[in-house]
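*Asks:* Quick one: structure below, then a few questions.
Laboratory data are not the source of any read-out in this text; all were calculated from the coordinates shown. All of these numbers come straight from a predicted model, not from anything done at the bench. Because the Cβ atoms are built from the backbone with ideal geometry, glycine has one as well, and the counts that use them run over all protein chains shown.
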Amino acid sequence: GLPIVIDCDPGHDDAVALLLAVGSEAVDLKAVTTTFGNCSVEDATRNAVQILTLAGTTDVPVARGAAGSLDGLSTLGNYVHGASGLDGPPMPEPGFEVTGGDAVELLRRVIESSDEKVTIAATGPITNVAQLLLTRPAVKDGIREVIFMGGSTERGNHTPTAEFNTYADPEALDVVLGSGLPVRMVGLNLTHQALANPEVVERMAAMDHVVGRTCAAWMGFFGASYNRVWEFSAPPVHDPCTIAAIIQPDLIEWREAFVAVELDGRWTRGTTVVDLHRRYPEQEPNAQVAMTLDAERYWDLVIEAVDHVGRR
Ligand code: BDR
Ligand code: CA
């Protein structure tokens, strides 16, 4: 499969993204790096190891990354994901050790030692990726693309206009968007089409293994948060959309556009500005923007991967 790395802050939906990656033959997960975001980076790192342990995948290196944004702030999403960052069902004890060295070092090593260009999927604040590009610009040659969950063509969730991941480190996203690398953006406008409705949760719960039942229970906790905080009747399962987009790009309709992130706005810091109609004609498109999701095929893909992981 395509070599990929996942930079994440697990997180219930990050957890499903990890399962989708390990459960799909189309991608070859080379490393997992962690960041602050849904919880502290310490909690995110432990969660990542426990998720991979649950999946029976103990040979993918995990390295800890940024504790805060490029400018040193740590915006946390425990109000959605609970005290641990992955509250809900019990998890297995960590089955392997975190890799020595930090996230940036692991990313560099994996990219430089790969024969094929590596895809970076970022499903949390994008600090580690920015730090990689800033400190090791030569690695760009080894990166196929950066696909990130964050921002929106519409409104936000953490503030009225800003999505959580882009709010948590706008300067980092600015680095990525200006890097010249191929970038794909999977924002809330797309992920709000990826709702784990009761039928989806039932398909997970009905699986005859702990991986499926754990997913169903994650959706229960995550869904209750989404209901309490945003009055959603089913939770949008954002992060696996990035992995699905790598496995099956035609699950999503894309639009090429200029994307920027607001760094200065008094009320709008961290908001993505997506020029879908070329209102800034002097700005060349710098990203492919996810617009429409085939939700039925998305859930088939996710469910199949989760079931595959649970049965092996
Ligand atoms: C993003 O923030 C987190 O809550 C999720 O894991 C996702 O990456 C959605 O705004
Ligand atoms: Ca996330």
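*Asks:* What ranking do Trp299, Trp230 get, fewest neighbouring Cβ atoms within 10 angstrom at the top?
*Replies:* Trp230, Trp299
*Asks:* Enter the Cα centre distance for the pair the range 12-39 and the range 80-118, rounded to the nearest angstrom.
*Replies:* The distance from the Cα centre of the range 12-39 to that of the range 80-118 comes to 8 Å.
*Asks:* May I ask you to sort Asp174, Asp71 by Cβ crowding, counting other Cβ atoms within 10 Å and putting the fewest first?
*Replies:* Going from sparsest to densest Cβ surroundings: Asp71, Asp174.
*Asks:* Still on this model: For a footprinting-style exposure proxy, rank Met185, Met291 by other Cβ within 10 Å, fewest first.
*Replies:* Lowest to highest Cβ neighbour count: Met291, Met185.
*Asks:* Whole angstrom only: what separates the Cα centroid of the range 262-287 from the Cα centroid of the range 172-245?
*Replies:* 25 Å
*Asks:* Which residue fluctuates the most in the chain, going by a Gaussian network model with Cα springs under 10 Å, if the choices are Leu301, Leu276, Leu190?
*Replies:* It is Leu276.
*Asks:* Taking the Cα centre of the chain as origin and charging only Cβ (+1 Lys, Arg; -1 Asp, Glu), how large is the dipole, in debye to the nearest 20?
*Replies:* So the magnitude is around 180 debye.
*Asks:* Taking the Cα centre of the range 1-155 as the origin, how large is its charge dipole in debye, to the nearest 20, when only Lys and Arg (+1) and Asp and Glu (-1) carry charge on their Cβ atoms?
*Replies:* With Lys and Arg at +1 and Asp and Glu at -1, about 280 debye.
*Asks:* Moving on to the next point. Work out the charge dipole of the range 229-287 with +1 on the Cβ of Lys and Arg and -1 on the Cβ of Asp and Glu about the Cα centre, then indicate which of Ile247, Val237, Thr271 is farthest towards its positive end.
*Replies:* Thr271
*Asks:* Write down Rg/Rh for the chain, rounded to two decimals, with Rg from the C-alpha atoms and Rh from the Kirkwood relation over Cα pairs.
*Replies:* Taking Rg over the Kirkwood Rh, I get 0.93.
*Asks:* If you wrap a convex hull around the C-alpha atoms of the range 1-40 and split its volume per residue, what is the figure in Å³?
*Replies:* Here the figure is 47 Å³ per residue.
*Asks:* In addition: Cβ neighbours within 10 Å, averaged per peptide: list 41-50, 85-94 in order, most packed at the top.
*Replies:* 41-50, 85-94
*Asks:* Sketch the reach of a paramagnetic label on Asp59 as a point 7 Å from Cα along Cα-to-Cβ, and name the residues of the range 100-144 whose backbone nitrogen lies under 19 Å away.
*Replies:* Only 100, 110-111, 113-116 pass the distance filter.
*Asks:* Would you be so kind as to identify which of Asn165, Pro137, Ile126 lies farthest towards the positive end of the dipole of the range 123-187, taking Lys and Arg as +1 and Asp and Glu as -1 on Cβ and the Cα centre as origin?
*Replies:* The listed residue farthest towards the positive side: Pro137.
*Asks:* Could you work out the local net charge near Arg64, counting Lys and Arg as +1, Asp and Glu as -1, over the other residues with Cβ closer than 11 Å to its Cβ?
*Replies:* Within the 11 Å Cβ shell, the charges total -3.
*Asks:* Right, here's the next one. Counting only other residues whose beta carbon sits under 15 Å from that of Glu199, what net charge do I get with K and R as +1, D and E as -1?
*Replies:* Net charge around Glu199: -1.
*Asks:* Which GluC sites (Glu not before Pro) in the range 214-274 pass both tests, a DSSP loop state and at most 14 other beta-carbon atoms within 10 Å?
*Replies:* Glu231
*Asks:* Specify which residue in the list Met91, Ala103, Ser114 is farthest towards the positive end of the charge dipole of the range 53-134, using unit charges on the beta carbon of Lys, Arg (+1) and Asp, Glu (-1), about the Cα centre.
*Replies:* Ala103
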